[in-house]
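S.K.: Would you mind keeping the following structure in view while I ask a few things?
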Amino acid sequence: MNLSLTSTTHFKDKVVVITGGTSGIGRALVELFLQLNAKVVTCGQNYDRIYQLQSLYVGYPLHINLVDVSKHNDCAQFINDAIKSFGQIDILINNAGIKSNSSLQEISIPAFQKVMDVNFNSMLYCTKLASPHLIKTKGIIVGINEDVKTSTIANNIAYWSSKFAMNGFLLSLQHELAPHNVAVLELVPTVPIHTNIHYRVMNAIGEIIAVDEKKDNRTRKKMLYPDWIAKKIIEILIKVPKRKKGLLDRKTLTIKI
């Protein structure tokens, strides 16, 4: 990627914590931040992906945990390890997510709860645990979300419930942390991104099923790739202003990419 000198110096020695960093947008962000001289802490649940990513970046300031972000204890260990490894947290990017495709009549309560745990509660846990450290560094909290105002929401009740919850949480948190000079951003890709989230979907009883890409009504030509969206996220983070006190303008909470 064509990264400017400003980019490579802006994140030098910053500690960036990213959930879901072994595939998709998360992995693209991990690799890009490492290129920009940041220190990165990330997590995943797939041993092979963790090993592959760690092997590619031997000698880099990269710490990877095997973490189930739907569990509070796992998230606590994840954030604690970030502090033990690098001493601080400057940016937290809540990226982990899962999709479901069931209506209220179809979905089981455990499956609904699992979607909420991965999409919303993981952000709650990690943000709650990391917030004291982000206040110290006057850092940035990011939630990667969907456009809850304009997207189609039928027959995906658990998924969209989690996304509306994320939106409300981030809006409230922006007001809460503004006096501490912590920026809170909701980043919303406006075009589908070609990641596994579209092709590994939770069904009504909580099983992960594979979706045939050929049968997906979105073609690859209409989708963006993770490295493109990662670069856009970097550009946005560079522009987050250093503030003295008070809120960012309301329009800066939700940024469409």
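S.K.: For region 1-21, what are the residues that are of a type in the set (Val, Ile, Thr) and at pLDDT 95 or above?
M.R.: Within region 1-21, VAL15, VAL16, VAL17, ILE18, THR19 meet the criteria.
S.K.: Only residues that are of a type outside the set (Val, Ile, Thr) and modelled with pLDDT of 90 or more: list them for region 139-158, please.
M.R.: Within region 139-158, GLY139, GLY143, ASN145, ALA158 qualify.
S.K.: So, of the residues in region 223-246 that are over 19 Å from ASN145 (Cα atoms), modelled with pLDDT under 85 and not small (Gly, Ala, Ser), which turns out to be surrounded by the most Cβ atoms within 10 Å (Cβ to Cβ)?
M.R.: Looking at residues that are over 19 Å from ASN145 (Cα atoms), modelled with pLDDT under 85 and not small (Gly, Ala, Ser), I get ARG243.
S.K.: Go through region 72-115 and report how many residues are among the β-branched types (Val, Ile, Thr) and closer than 25 Å to VAL188 by Cα.
M.R.: Number of matching residues: 6.
S.K.: Within region 121-144, count every residue that is surrounded by fewer than 23 Cβ atoms within 10 Å (Cβ to Cβ), touching a residue at least 12 places away in the same chain (Cβ under 8 Å) and not in a strand (DSSP E or B).
M.R.: 11
S.K.: Let me ask something additional. Please pick out the residue among LYS84, LYS99, LYS114 that is under 30 Å from PHE33 (Cβ atoms), without any contact (Cβ under 8 Å) to a residue 12 or more places away in the chain and not hydrophobic (A, V, I, L, M, F, W, C).
M.R.: Only one candidate passes the filter, namely LYS84.
S.K.: Next question, about the same structure. Considering only region 76-97, I want to know if a residue exists there that is among the basic types (Lys, Arg) and more than 24 Å from LEU173 (Cα to Cα).
M.R.: Within region 76-97, one or more residues are among the basic types (Lys, Arg) and more than 24 Å from LEU173 (Cα to Cα).
The values are calculated or read from the model by the stated rules, or taken from the named source; none is laboratory data. Since this is a predicted model, take the numbers as computed values, not measurements. For neighbour counting, all protein chains shown are included, and Cβ atoms are generated from backbone atoms with ideal geometry for every residue, glycine included.
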